[in-house]
Amino acid sequence: MEKLVITVALDGAEVTREQNPHLPVTPDEIAADAERCRNAGAAMVHVHGRQPDGTPTQDAAVYAQIIQAVRQRTDVIVQVSTGGAVWMTAQERIAPVLLKPEMASLTTGTVNFGNDVFMNSPAMIEEFARTMVANGVVPEIECFDLGHIDNALALVRKGILSLPLHFDFVMGVPGGIAPTVRNLVHMSESIPAGCTWSVAGIGRAQLPLAAAAIVMGGHVRVGLEDNIYYSKGVLASNEMLVARVVRLARELGREIATPDEARRILRLADRTPN
Ligand code: KMH
Ligand code: ZN
């Protein structure tokens, strides 16, 4: 089995400092947390922009500060969000990709998102994918439901994206696929051979799905974007969540990938034209 690539989704768009005081908000806080998580075993960070007051933003200037601050401190893969928040326009959401980060998230389908709708129309998905390719940015295909895999493969058939792809199965959002091991097996068996995958379990599904991915040969995403608790009633920090997955993987005999090893495992160089 390949070494385990751990991604940490540091801040998301929905979580607030009131809910969890460990949430990083400013570029410096995000970078400092990225460094702590790297030292704990994370190879990649998935980041969302935030205004100083914590409001989510896709402002490229904010993302530029985040990328620069992370780069100054550590060597993790930086993956920007193009999901943003449910109320943002497509034009806002795609803005950070123009900075040419190493990776960006690409959700390949619309999904109910609690009481909201996370809109990803066919035209938006296609435009986001084309913009990523044009800027040499490797997409992480975010699948909140099974059909999102098929939508990504349709982009391959159209010649917009090429295999192998890296998928992230986001499981347990109210409105998306349920976070069961049976569903994870089905998702992971529904992608083409040679593709890589990770799982992001939401809330209390984060830990059991991470454990399943470790033994199945997948990769793992943890972090406060998806889950603010370490255990019932105990708030987590990003570092605590990464450190726990590292301990779990070592107990199960799976080694942890460094950022450069993750770049090789995810074949980032092969997928980047420029
Ligand atoms: N905030 C969610 C509506 C992504 O980053 O690509 C979408 C999201 C996905 O977080
Ligand atoms: Zn996100």
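Can you tell me which residue is surrounded by the fewest Cβ atoms within 10 Å (Cβ to Cβ) among those in segment 1-18 that are over 26 Å from VAL215 (Cβ atoms) and away from ligand 2 (no atom under 16 Å from the Cβ)? Among them, the one singled out is GLU18. Looking only at residues in segment 98-113 that are of a type in the set (A, V, I, L, M) and within 14 Å of ligand 2 (Cβ to nearest atom), the one that is nearest to VAL156 (Cα to Cα) is LEU106. Could you tell me whether GLY54 is at pLDDT 95 or above, closer than 26 Å to ASN135 by Cα and among the small types (Gly, Ala, Ser)? It is false that GLY54 is at pLDDT 95 or above, closer than 26 Å to ASN135 by Cα and among the small types (Gly, Ala, Ser). Filtering segment 119-141 to residues that are in a strand (DSSP E or B), within 12 Å of ligand 1 (Cβ to nearest atom) and touching a residue at least 40 places away in the same chain (Cβ under 8 Å) leaves only GLU140. Taken over segment 1-33, residues that are within 16 Å of ligand 1 (Cβ to nearest atom), in contact with a Pro (Cβ under 8 Å, 6 or more places away or on another chain) and among the aliphatic types (A, V, I, L, M) amount to 4. Looking across segment 235-261 at every residue that is surrounded by fewer than 21 Cβ atoms within 10 Å (Cβ to Cβ) and either touching a His at 6+ places or on another chain (Cβ under 8 Å) or of a type in the set (S, T, N, Q) (or both), the one that is farthest from ALA205 (Cα to Cα) is identified as THR258.
Assess whether ASP75 counts as being surrounded by fewer than 16 Cβ atoms within 10 Å (Cβ to Cβ) and under 19 Å from the mean Cα position of the chain (by Cα). So ASP75 fits the description; yes. What about GLY203, is it closer than 19 Å to HIS46 by Cα, within 16 Å of ligand 2 (Cβ to nearest atom) and surrounded by fewer than 23 Cβ atoms within 10 Å (Cβ to Cβ)? For GLY203, the condition - closer than 19 Å to HIS46 by Cα, within 16 Å of ligand 2 (Cβ to nearest atom) and surrounded by fewer than 23 Cβ atoms within 10 Å (Cβ to Cβ) - is met. Taking first residues from segment 80-92 that are in contact (Cβ under 8 Å) with a residue 40 or more places away in the chain and partners that are within 9 Å of ligand 2 (Cβ to nearest atom) and part of a loop (DSSP other than H, G, I, E, B), the Cβ contacts under 6 Å between residues at least 6 apart in sequence or on separate chains come to SER81/HIS48; ALA85/ALA13. Taking (1) closer than 16 Å to HIS148 by Cβ; (2) more than 19 Å from the chain's Cα centre (by Cα); (3) within 16 Å of ligand 2 (Cβ to nearest atom); (4) not basic (Lys, Arg) in turn, ASP116 satisfies each apart from (1). Note on segment 1-106: enclosed helices (runs of 4 or more DSSP H) holding 3 or more residues that are among the β-branched types (Val, Ile, Thr) are 60-73. Quick check: anything in segment 142-150 away from ligand 1 (no atom under 12 Å from the Cβ) and assigned to a loop (DSSP other than H, G, I, E, B)? Checking segment 142-150: at least one residue is away from ligand 1 (no atom under 12 Å from the Cβ) and assigned to a loop (DSSP other than H, G, I, E, B).
Does segment 59-75 contain any residue that is within 14 Å of ligand 2 (Cβ to nearest atom), within 28 Å of LEU155 (Cβ to Cβ) and out of contact with any Phe, Trp or Tyr (no Cβ under 9 Å at 6 or more places or on another chain)? Checked segment 59-75: at least one residue is within 14 Å of ligand 2 (Cβ to nearest atom), within 28 Å of LEU155 (Cβ to Cβ) and out of contact with any Phe, Trp or Tyr (no Cβ under 9 Å at 6 or more places or on another chain). Assessment of segment 177-196 against the conditions (assigned to a strand (DSSP E or B), more than 25 Å from GLU92 (Cα to Cα) and touching a residue at least 24 places away in the same chain (Cβ under 8 Å)) yields at least one matching residue.
The values are calculated or read from the model by the stated rules, or taken from the named source; none is laboratory data. Predicted, not measured: the structure shown is a model, and the values here were computed from it. Note: ideal-geometry Cβ built from the backbone for every residue, glycine included; neighbour counts use all protein chains shown.
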